[in-house]
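Nothing in this text is a laboratory measurement; each read-out follows from the coordinates by a stated rule. What you are looking at is a predicted structure, and each value in this text was computed from that prediction instead of being measured. Positions of Cβ are generated from backbone atoms using ideal geometry, with glycine treated the same way; all protein chains shown enter the neighbour counts.
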Amino acid sequence: NLPESGTVTWKAPSNIALVKYWGKKENQIPANPSISFTLDACATTTALTYQKKENSDGFAFELHLDGKPKPDFKPKIEHFFTRVEDYLPFLKQYHFTINTSNSFPHSSGIASSASGMAALALCLMEIERQISVKMDDDFFKRKVSFLARLGSGSACRSIEGDLIQWGSHNNIQNSSDLYGVPYPYQVHSNFKNFHDTILLVHKGQKQVSSTVGHNLMHGHPYAQTRFTQAHENLDKLQSILAKGDLEGFIAIVESEALTLHAMMMTSLPYFILMKPDTLEIIHKIWDFRKETKLPICFTLDAGANVHVLYPEHIKDQAITFIQERLVMHCEQGHYICDRAGNGAKKI
Ligand code: PMV
């Protein structure tokens with residue numbers, strides 16, 4: 001029995017990968033497993049209004065970003081609906097109005113696809129939950145993550161918090177290529193409330209879309225070695241996370257960021273996604289770490305912005321350092337203070 005109409009609203013966060021997902025197979029199956037911190041401040045809020053329609057001929061929806069119509073997002077949503085249709089049979093029965101907004105500035109160089117697809121998947125599953133006779137919370141989260149993955153791979157890590165693993169791995173219980181799961185092993189308090197200050201070195205559109213980037217791993221000369229390395233890094237992280245070994249954590253996280261960029265520098269065509277300021281910041285973080293022995297490090301997405309990561313107990317020193325020595329490298333001095341968060345919320 002389908003409800004006539006209604007509105008559901010969810011807020012979903014972005015996430016930052018520690019071991020990176022780069023390269024995929026058919027149907028958004030990752031070429032290697034990854035792990036990320038779910039963020040807190042960087043999030044998308046989506047209100048989905050649904051109204052039963054006369055026919056069930058095709059998908060019917062409109063999308064507004066910050067109250068303004070966004071026809072250029074249409075193909076992406078259409079594509080997503082086509083992919084998830086088999087799992088959400090009611091899709092063609094409704095006309096949808098999708099009202100979405102991001103907490104972070106538009107075109108800040110921060111991708112909204114993870115939080116955006118997660119928020120939309122949550123809203124759609126909320127309708128599915130009303131139709132289904134019974135659905136427990138675990139099933140709900142797993143299916144949302146599964147659907148979000150079909151929108152944007154990394155979106156499947158944006159449903160829960162605070163450390164999420166995605167991609168099957170021999171030594172990680174319940175890991176799956178199909179959805180993300182909360183990291184199932186012990187995590188030391190050093191990694192609770194971890195901070196991520198995002199330095200906006202270069203705003204605006206990414207030079208290479210992640211779709212193009214993932215595809216560059218097909219036939220890439222170092223692909224297999226890279227995929228094996230991701231498995232090994234996840235193995236190493238297990239004891240690092242359990243023991244609270246910040247030094248070990250830094251070594252893996254920074255190497256993962258540079259490897260992601262190395263893959264792009266060595267693909268055909270090749271790309272350099274860092275800017276001179278990205279490198280300046282990295283060197284300053286290394287110098288500061290040497291000087292002070294404080295456990296502060298960086299990671300990168302597929303772009304020039306730098307995520308500065310540090311534990312809660314050094315937050316005052318880290319913020320002073322960032323403000324005094326790093327913010328000068330940001331476009332218009334812009335940066336975002338974020339931290340590991342607890343996952344999506346129904347509004
Ligand atoms: O979810 P996608 O297809 O936008 O890919 C994201 C890839 C990286 O952000 C570069 C790495 C990751 O694991 O999040």
Q | Calculated log₁₀ intensity ratio I(q)/I(0) where the Debye formula runs over C-alpha points of the chain, q = 0.06, 0.08, 0.10 Å⁻¹ | A | -0.21, -0.38, -0.59
Q) Is the shape of region 193-339 rounded, prolate or oblate, going by the alpha carbon gyration tensor and its root eigenvalues a ≥ b ≥ c, with a/c under 1.5 for rounded and a/b larger than b/c for prolate? A) oblate
Q. Per residue of the chain, what 222 nm ellipticity follows from adding -39500 (n - 2.57) for every DSSP H run with n ≥ 4, rounded to the nearest 500?
A. -11000 deg cm²/dmol
Q: Averaging sequence separations of C-alpha pairs under 8 Å and six or more residues apart, then dividing by the length of region 218-347, give the relative contact order as a whole percent.
A: 19 percent
**Q.** Whole-Å distance, taken between Cα centres, linking region 71-135 and region 37-52
**A.** 9 Å
Q: With a ≥ b ≥ c taken as the square roots of the eigenvalues of the C-alpha gyration tensor of region 87-207, please select rounded if a/c is under 1.5 and otherwise prolate if a/b is larger than b/c or oblate if it is not?
A: oblate
Q) What is the fewest-to-most order of Ile319, Ile16 by other Cβ atoms lying within 10 Å of their Cβ? A) Ile319, Ile16
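Would you mind counting up the charge near Gly213? Only other residues with Cβ under 12 Å from its Cβ, with Lys and Arg at +1 and Asp and Glu at -1.
So the surrounding residues net to +2.
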Q.
For Phe37, Phe191, Phe61, which order do you get if you count the other beta carbons within 10 Å of each Cβ and list the fewest first?
A. Phe61, Phe191, Phe37
Q | Ranked Lys20, Lys141, Lys293, criterion: other C-beta atoms within 10 Å, fewest first | A | Lys293, Lys141, Lys20
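Roughly how big is the chain's charge dipole about its Cα centre, with Cβ charges of +1 (Lys, Arg) and -1 (Asp, Glu), in debye to the nearest 20?
With Lys and Arg at +1 and Asp and Glu at -1, about 200 debye.
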Q: Convert each backbone phi in region 153-160 into a coupling constant with the Karplus relation 6.51 cos²θ - 1.76 cosθ + 1.60 (shift: θ = phi - 60°), then list the ³J(HN,Hα) values in order as whole Hz, x for Gly and Pro.
A: x, 5, 4, 5, 9, 10, 8, 10
Q. Of Ala119, Thr7, Trp286, whose Cα points farthest to the positive end of the dipole of the chain (charges on the beta-carbon: +1 Lys, Arg; -1 Asp, Glu; origin at the Cα centre)?
A. Thr7
